[in-house]
Amino acid sequence: SLLVRRLAKLEASSAAPNSLKGLSDNNKRNGKYVAETGKMFEAMESNRFSDALTAYHQLSASLQREKPYLLIRLNAARQVSNEETIAAIDALRAAFPNDPSTELNIVTSLLLKLEYAAAREAIDPLEKSIDGDPFLNVLRAQLFLKEKKLAEAEAAAQRAIAADQTLKDAWSVRVTVALKTREFSRAVELLKILTRPIHRPGERISKPIA
């Protein structure tokens, strides 16, 4: 399943520069917000992301709370700094607390803050809101690695693989765990699996490795 990654791409594309022209044209037809939004659109289309953030903060309070403009802010912030990205995610979260893509951004925000345990906890409501996805266990495994909790990382990676053996990031976690625990022969076997071509979901690509 690629649902989590699709959500991330959907959220990012909503604020991508190639979508701004259409949004700007709509504003021109409406004729209402041209003065407020024009500088932001122009800055984004010119890749002047700091200027775009400045223009966003000059918008009226009502426009700043609208999702298209919050996503544009987030897209610009990602190109400026972690601090701006965290602030943009927090604003999006406050405006749309129950949006699955917003919950995914909460995880990103906590990662940028290096709050790994909190990021893992934030995966739980995301998992409920999208009715589960194997890749979430990959995220958990990667976070456990950052916390140096190797047994937990291995277990989360195995859960991800049990649901979808094509998740190579999960196999990568298992390789890392094996290397860190100095189980070199197991690491070699895992690397062989990792470097094989991707198979269809549900197709067995190896015998289980303890």
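The values are calculated or read from the model by the stated rules, or taken from the named source; none is laboratory data. Since this is a predicted model, take the numbers as computed values, not measurements. Backbone-built Cβ (ideal geometry, glycine too); neighbour counts: all protein chains shown. Areas reflect the complete protein model, heavy atoms only, side chains present, ligands, DNA and RNA absent. Shrake-Rupley method; radii C 1.70, N 1.55, O 1.52, S 1.80 Å.
Of note:
- Neighbourhood charge, 15 Å Cβ-Cβ cut-off, centred on E147 and excluding it, Lys, Arg +1 and Asp, Glu -1: +3
- Proximal charge balance of S109 [Cβ under 12 Å; K/R count +1, D/E count -1]: -2
- Eligible aspartates and glutamates near K168 by straight Cα distance, threshold 16 Å, same-chain separation 8 or greater: D133, E154, E189, E203
- Accessible area per residue for the stretch 160-200, computed on protein heavy atoms with a 1.4 Å probe, is 56 Å².
- Net lengthening on full extension, V80/K113 (0.36 nm per residue, minus Cα-Cα): 10.3 nm
- J(HN,Hα) series, the stretch 177-183, from Karplus relation 6.51 cos²θ - 1.76 cosθ + 1.60, nearest Hz, glycine and proline x: 4, 4, 5, 5, 8, 6, 9
- Net lengthening on full extension, A87/S62 (0.36 nm per residue, minus Cα-Cα): 7.2 nm
- Using a cut-off of 29 Å between Cα atoms, the listed pairs K113/K148; K67/K149; K113/K149; K67/K148; K39/K128; K128/K148 include K67/K149; K67/K148; K39/K128 as exceeding that distance.
- Per-atom-type breakdown for the stretch 58-210 gives carbon and sulfur 53% of the accessible area (1.4 Å probe, protein chains only).
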